[in-house]
1. Would you mind ranking ILE133, ILE249 by Cβ crowding within 10 Å, fewest neighbours first?
2. Check SER76: other-chain or 5+ apart residues with amide H under 5 Å from its amide H, H built from backbone geometry?
3. Could you tell me whether the stretch 3-169 comes out rounded, prolate or oblate from its Cα gyration tensor? Rule is a ≥ b ≥ c as square roots of the eigenvalues, rounded for a/c under 1.5, then prolate if a/b exceeds b/c, otherwise oblate.
4. Counting other Cβ atoms within 10 Å, keep those with at most 15, restrict to DSSP loop, and tell me which GluC sites (Glu not before Pro) in the stretch 54-134 are left.
5. How high is the relative contact order of the chain, given as a whole-number percent (alpha carbon pairs under 8 Å, six or more residues apart)?
6. Using only the C-alpha atoms of the stretch 243-331, find the volume of their convex hull and express it per residue in Å³.
7. How big is Rg to Rh over the stretch 207-362, alpha-carbon atoms, Rh as the Kirkwood inverse-mean-distance radius?
8. Between 0 and 90 degrees, rounded to the nearest ten: what's the tilt of helix 129-141 against the longest Cα principal axis of the chain?
Amino acid sequence: MTWSELADTLKNSGALSADWEQTFRAVPRTLFTPDRILHDGEWTDRAAEPDRWNSLVNSDLPLATQTYDDEATPSSSSSMPTVVTQMLRHLDVMPGMRVLEVGTGTGWTAGLLAHRLGAENVTTVEVDPVLAIEARDRLNALGLLPTVAAGDGMLGHPEGAPFHRAQLTAAVQRVPSPLIEQMTPGGVILVPYGTPFCNGGLLRLTVAADGRSASGPFVEDVSFMWVRDQRPESGDFEIDDVRHGASDIDPADVAEQTHAAFAIGLRMPDLFRQDVWAGYDRFGTGRFEVWDGVSYAHCRLADWDGKHAVSQSGPRSLWEEVTAAHAWWVRKGRPDLTRFGMTVTVDGEHRPWLDSPEHLIG
């Protein structure tokens with residue numbers, strides 16, 4: 001597939017809106033993608049496999065461009081083109097608007113914004129100084145000259161404020177206050193948001209008239225890599241005085257249901273979860289684990305209603321809490337994540353809600 005063919009596909013599917021089509025075609029991802037990329041656990045080098053490299057870059061796929069020391073967990077990427085077009089649509093930019101991007105990465109999204117709005121209206125911040133230099137070089141080579149700053153994007157970019165729009169290209173658990181403070185009243189902040197229980201949703205916040213808060217709905221089901229200093233950590237925990245029992249719900253109803261897991265995460269934002277294969281367990285089964293750093297619980301995915309399917313330890317009975325949160329979600333009509341929203345204040349409060357800011361949850 002060529003870039004033009006991908007643009008045609010996204011246009012026909014409705015993912016690429018008419019106002020972004022010309023820019024999308026003029027600023028292809030191929031011009032911003034490093035020679036070495038990771039997809040589906042396999043690295044591809046452009047020099048060694050040019051056809052495969054071109055096929056991947058011109059496809060609607062996310063591509064990792066850098067990893068942490070474990071060589072498996074991405075630390076920077078080129079996002080799936082469909083997701084990029086979704087975010088640009090929700091950003092809802094107009095001529096003359098000033099935009100802040102947090103997370104430059106390869107520079108592709110900054111290039112799209114600069115082409116559409118003019119380089120003087122775009123500022124992009126990248127925490128990795130090497131990536132910032134590489135992105136700036138790519139942008140300069142194309143005559144697209146937005147402000148590219150190396151630094152902590154969680155602090156925004158006060159030198160360029162105020163901004164009419166801001167978007168983050170990595171997920172957060174906490175929306176940084178400086179971003180709200182550096183926006184104009186009525187400005188929009190677009191941020192991938194998640195909890196240690198579920199990552200996540202795309203949150204579209206509108207800044208209040210007094211500039212002290214921002215509120216808005218989750219508008220898409222998306223999952224981004226985490227901002228580096230907000231990655232959920234499993235932590236250390238000890239399991240003792242274990243209590244056993246059966247489960248009242250099939251854990252697959254949570255593990256395989258994004259909207260349920262997202263709702264539970266909003267109600268229990270301190271709860272970490274993971275799915276593991278417990279080969280050392282005599283039952284040899286996958287299981288769903290949750291913990292808060294002190295209390296721990298797991299439920300077997302198979303035979304989940306057996307009398308020893310659930311194991312719990314610590315002062316909280318976490319599996320009962322997860323079950324109760326799931327029951328709440330069912331009672332509310334099994335809402336998908338786009339019925340949820342969040343209000344964030346410059347004082348750091350995060351207040352999730354269902355359907356409207358007056359209907360707080362938690």
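Nothing in this text is a laboratory measurement; each read-out follows from the coordinates by a stated rule. Here the structure is a predicted model, which is why all the values come from computation and not from measurement. As a convention, Cβ positions derive from the backbone with ideal geometry for all residues, glycine included, and neighbour counts pool all protein chains shown.
1. In increasing order of surrounding Cβ atoms, one gets ILE133, ILE249.
2. Answer set, sorted by chain and number: THR65, GLN66.
3. Oblate.
4. Those satisfying the criteria are GLU71.
5. Relative contact order for the chain comes out at 11 percent.
6. 86 Å³
7. Value, to two decimals: 1.01.
8. 40 degrees
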